[in-house]
Amino acid sequence: MKRSGRVCSARIAVLGAACLSLLGLPPTALAQDEKPAEFVPGPLVDYGQRLYDLTIRDQDPTAPNGYDAMVRIGAILDELDRDFAERYGGPEKRPEDWPEEVGFPIDFDALTRSDTPEESKRITREYMARIEASGIPAELRGLRGCRLFVRPKATGALIDVIRDEVGRGRKLVRFLKAHSADAAARGDWHAIIEDVVDVRAIASALGREPVLISHFVAIAMDTLAAQVIRDSMVVSEPDQKSLIELEDKAGRELPYLSITRAIEGEHLWYLDISQRVHDANGRFAPAELERLVETKGQTPFPQAALALMPDRAASDAMAALVYARLREVAQLPRRNRPRTPDGRVELGILRPQTYVVVGAALANVDNVCDAPDRHAVQLNSALLIIAVERCRLARGRYPEKLDELVPEFLPGVPEDPYFEKGFVYKRGDDPSVKGSYTLYSVGDDGEDNGGLRAEHEHDALVPAGKGTDFVFMPPQKIGHTDR
């Protein structure tokens, strides 16, 4: 988390300097030795209260709160991290010959890598055992019943709200992924199902917070649950009872707050930053933005960039247009959305020499609009994989077409949000052999490329992956095609 904060701050500083030059300010305006003029802020609006009100809108504030469970989990993880840092040293003590891509000393993902040093695997497995022996498993089971994710109201700058639970949630999900891989190797489907349920519980909790970063992380966690299902299916042979239970757990829709409410919450973050970096006369104060970025390190990039407008009135008015447009576009069906960020937010309304940084800030527009599609395509593929395996176990062979799964194994064939014709399914030469089929989505370009897989599979879901498909089953070599 600290490294990502430094990277974020560096990006803001570079773009900030570029923007200041366009605004006629010296490149050193964000960091200068001379004493700046005294900053006199205007009256501050309590956006912490507004964010809190947005979080509990239409919800029962007396319901079990997932934030409380994450705080308790965080305390246990912090204690474990301190203990292991004292015993084994942190990343700064990495041996010179240690592979750069392998974490030290704890790296859950590295357990499956062939070049991971055995000492790292041993330490990581020890860490996993400590988690299992701690109070975290019980807290995760409790998290399954939570119906809210509400932090105490922020009393100062919203940027002071340190979202430690997001980082801790990521660590827990990586742990559960590694744990499920071990369970799959043992053929322990009960443990695999429990891990999937826990991953989805963490995703569900964070998905109830009206801030885009929490929304994106929640979706990423839930798609990882789908990956756990696919990976486990390749390694281990499930039984019919386990598949039925897994289908029930994976098929439940998580009650996230809507993406439009997350955008609304993000707008509040922007407004809070804006009021703190403009003086009482509405003049932009670069030193105040630098202070926020330097001391907190977690400024949401789009908001900080939008704050680099020449005055507060112009900044806030343009932000209102941008966020309103984002909410509008996010609700459109995929086929009706403009295909580029410029088209989605209609940058023609901006004066390029004044609002150039807004264009840079809109790099996240694709994430805002397309994240639900990327989420749906992975979960729907997992449901299909479960169904075709149930069919093989029941009938001794895979179906010739996906329609044959209805209604015995599925109430209906899940849709592919990227292709009106649905997922591409091809049965193999011997339909009785486990894994003898291909399943893929055509991906962002909307074209069936015969199962040609991108070098990095998720590239198929973005414009850069044009000419490739998102292949779910079976695992394929780069460049292989079923044509």
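Every number in this text was worked out from the coordinates using simple rules, so none of it is lab data. Small disclaimer: the values here were computed from a predicted structure and weren't measured. Don't worry about glycine lacking a Cβ; one is built from the backbone with ideal geometry, like all the others, and counts go over all protein chains shown.
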Label-point separation in nm, LEU44 to GLU455, each point 7 Å along Cα→Cβ = 4.8 nm
Anything over 32 Å Cα to Cα? Flag those among LYS93/LYS171; LYS171/LYS426; LYS93/LYS153; LYS171/LYS421; LYS241/LYS466, in the order listed.
-> LYS171/LYS426; LYS93/LYS153; LYS171/LYS421; LYS241/LYS466
Pairwise label distance in nanometres, ASN367 with ARG147, each label 7 Å out on the Cα-Cβ vector | 3.2 nm
Could you work out how far apart the two model spin labels at ALA138 and ALA314 are, taking each label as a point 7 Å from the Cα in the direction of the beta carbon, and quote it in nm?
-> 5.9 nm
Whole-Hz couplings from phi, Karplus 6.51/-1.76/1.60, listed for the stretch 373-390; x for Gly and Pro = 5, 5, 5, 5, 5, 6, 5, 5, 5, 5, 5, 5, 4, 4, 5, 5, 5, 4
Can you tell me the FRET efficiency between LYS426 and GLU447 if r is taken as the Cβ-Cβ distance and R0 is 22 Å, rounded to the nearest 0.05?
-> 0.85
Expressed as a rounded percentage, what relative contact order does the stretch 86-199 have, with Cα pairs under 8 Å and six or more residues apart?
-> 21 percent
Give, to the nearest whole percent, the P(r) tail of the stretch 221-260 beyond 13 angstrom, counting all Cα pairs.
-> 62 percent
Take the Cα coordinates of the stretch 141-269, assign each an equal point scatterer, and use the Debye formula without solvent to give log10 I(q)/I(0) at q = 0.13 Å⁻¹.
-> -0.56
Provide the gained length on full extension for the span GLU245 to GLU100, in nm with one decimal, where the gain is 0.36 nm per separating residue minus the Cα-Cα distance.
-> 48.2 nm
Between the stretch 184-261 and the stretch 423-471, how many Å separate their Cα centres?
-> 22 Å
Phi-derived 3J(HN,Hα) across the stretch 138-153 with the Karplus relation (6.51, -1.76, 1.60, θ = phi - 60°), rounded Hz, x for Gly and Pro, is 5, 5, 5, 5, x, 5, 4, x, 6, 10, 9, 9, 10, 7, x, 4
By how many nm would the segment from ASP160 to ARG125 lengthen if fully extended, with 0.36 nm per residue of separation less the alpha-carbon distance?
-> 9.1 nm
Given the Cα-Cα distance of SER258 and ARG57 and 0.36 nm per residue of separation, how much length would full extension add, in nm?
-> 71.2 nm
